[in-house]
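*Asks:* One structure follows; several queries about it will come next.
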Amino acid sequence: MGYTDDEAYNTLVIVPANGDDIYKNDPKWEGFHIVETAPTKTVYMTGNYSLAEEITTTTQQMPGNVTSLAIVGPLADGDWNIIKRNLISCYDLDLSGVTNTEIPAETFADNKHILTLRLPNGLRTIGDRAFSGCNNLTMEALPASVETIGESAFENCTLFNIEALPESLRTIGVKAFANCSRLQITALPAVEIIGAGAFYNCPRFMELDMSAARFTVIEASTFANCGKLRNITLPETLATIKDCDAWSDSSNMGAFQNTAVNFVAFPGNLREIGENAFRNTALISVELPRQLNTVDNGSFAECPMIKSVSLSAKMETIGEEAFLNCRGIKSISVPCAVPPTVGDKAFSNVRYRDVVVSIPTMNYRDYLNALGWGAFTQLANS
């Protein structure tokens, strides 16, 4: 199968009960980590002994040999380390009876053998990188009590496929679900904080209703590279879509860059649309909110399907490459007495001769002389 010796040694192969000797004696399976399926063993934590001691007493096995385990009761700090480092054969773990309210940081990080996992019923916090890199992990749902999901908590969990987030959830950390290629949620609960890259590169997203959310900021890359994401509803509380440079990361992109979003109803309180926010999307029209005074660099660049643009009456600046390569634009409404400043390449490759630019009746001369606006051949009083 092309495995190196080290890869085979660290690859769990689950075989039928009483079948391990057959596989271990077969040269084709030599060097793999062979374990048998077995009934789930339940360990009850009394507080008198460590998890390792309870496992050994209950199962008559070393922790490294247990394959299917359920734990009931409170876990001490050291017990989480036993789960992290000693349960190397356990592919099925039931923590639903554990009374702890937090999964510590990195407890399951890069765990390749865990297949199914049930979390504590009263869980509130999932720590930073708790399940990062668990690319064989499947989970039916998160507990209804979860309030905080930490930084990179489920990053690169390529089989993670829950259908909904708990209503109790309030904080989603940076890159919490980045690269979760099977994740396909359709709504956010009343989330108050969402980190940069939280859902970066989740290719199965198609629609996302954020109307119940309460956050005021969407950071860079939050939904970037969600290539099928078409329909979004933004929260009314949203005030800022952040610039790319707000997050220093190699995968740094605009908040909705490289998605299929085709229409956005911007909330009235929105005051900033950051750099590259909607670059390379399927937007058909852009109607900017009344409080917005700046279109940042590259905000709507590479959107060839845009037909119409409506700027706000408070618009002051259109940044560099703001509408670069938006060849489909046919009309621009500019209800500003003072022509907004137009940055370098803001309208590069827009078909200047085909665009009708509607401007205030008394300001034709101002627009005629303004850099960037005089290039349009159809300045229309409106």
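The values are calculated or read from the model by the stated rules, or taken from the named source; none is laboratory data. Just so you know, these numbers come straight off a predicted model, no measurement behind them. Backbone-built Cβ (ideal geometry, glycine too); neighbour counts: all protein chains shown. For the accessible areas, the whole protein counts, side chains as well, though only heavy atoms, and no ligand, DNA or RNA atoms are used. Shrake-Rupley method; radii C 1.70, N 1.55, O 1.52, S 1.80 Å.
*Asks:* What are the semi-axes of the equivalent ellipsoid of the stretch 321-375, taken as the square roots of 5 times the eigenvalues of the Cα gyration tensor, listed largest first and rounded to whole Å?
*Replies:* Working: eigenvalues 70, 31, 16 Å².
Gyration-tensor ellipsoid for the stretch 321-375: 19, 12, 9 Å.
*Asks:* With no solvent and one equal point scatterer placed on each C-alpha of the stretch 1-79, evaluate the Debye formula and give log10 I(q)/I(0) for q = 0.15, 0.20, 0.27 Å⁻¹, two decimals.
*Replies:* Here log10 of I(q) over I(0) equals -0.64, -0.88, -1.21.
*Asks:* Further, regarding this structure: Evaluate the charge dipole of the stretch 1-159 about its Cα centre and quote only its size in Debye, nearest 20, assuming +1 on the Cβ of each Lys and Arg and -1 on the Cβ of each Asp and Glu. Walk me through the numbers on the way to the answer.
*Replies:* Details: 9 positive and 22 negative charges, 53 e Å.
Rounded to the nearest 20 debye, it is 260 debye.
*Asks:* I've got another one for you. Quick one: net charge of GLN291's neighbours, Cβ under 15 Å, K/R +1, D/E -1?
*Replies:* Within the 15 Å Cβ shell, the charges total -2.
*Asks:* I need the fraction of alpha carbon pairs in the stretch 231-382 separated by more than 19 Å, rounded to a whole percent. The partial results should precede the final answer.
*Replies:* Details: 5661 of 11476 pairs.
Above the 19 Å cut-off, the stretch 231-382 has 49 percent of its Cα pairs.
*Asks:* Could you order LYS41, LYS28 by accessible surface area, starting with the largest, using a probe radius of 1.4 Å?
*Replies:* Greatest to least solvent exposure: LYS28, LYS41.
*Asks:* May I have the pair-distance distribution P(r) for the stretch 81-126, computed from all Cα-Cα distances with 10 Å bins from 0 and rounded to whole percent?
*Replies:* Result returned by the calculation: 26, 60, 14.
*Asks:* Further, regarding this structure: Which one, THR171, VAL334, PHE347, is farthest towards the positive end of the dipole of the chain when Lys and Arg carry +1 and Asp and Glu -1 on their Cβ?
*Replies:* Going by the Cα projections, it comes out as VAL334.
*Asks:* Which order do you get for THR42, THR259 if you rank them by accessible area with a 1.4 Å probe, largest at the top?
*Replies:* THR42, THR259
*Asks:* Which label marks the calculated value of semi-axes √(5λ) of the Cα gyration tensor in Å, given the options (i) 42, 28, 21; (ii) 34, 26, 21; (iii) 55, 21, 14?
*Replies:* (iii)
*Asks:* Please give the charge dipole size of the chain, origin at the Cα centre, charges +1 on K and R Cβ atoms and -1 on D and E Cβ atoms. Round to the nearest 20 debye.
*Replies:* Value, rounded to 20: 1640 debye.
*Asks:* Further question on the same structure: Could you pull the accessible area for MET206 with a 1.4 Å probe, rounded to 10 Å²?
*Replies:* Looks like 100 Å² after rounding.
*Asks:* What does the charge count near SER348 come to, summing +1 for each Lys or Arg and -1 for each Asp or Glu among other residues with Cβ under 12 Å from its Cβ?
*Replies:* On the way: positive: ARG327, LYS345, ARG351; negative: GLU302, GLU320, GLU321, ASP344.
Result for the neighbourhood of SER348: -1.
*Asks:* For the chain, build the charge dipole from Cβ charges (+1 Lys, Arg; -1 Asp, Glu) around the Cα centre, then report which of GLY78, ALA144, LEU115 sits farthest towards its positive end.
*Replies:* ALA144
*Asks:* Using alpha carbons only, how many angstrom separate the centre of the stretch 307-377 from the centre of the stretch 9-44?
*Replies:* 68
*Asks:* For THR99, what charge total do you get from the other residues with a beta carbon under 15 Å from its beta carbon, if Lys and Arg give +1 and Asp and Glu give -1?
*Replies:* Numbers: positive: ARG118, ARG124; negative: GLU54, ASP77, ASP79, ASP94, GLU102.
Taking every other residue near THR99 into account, the sum is -3.
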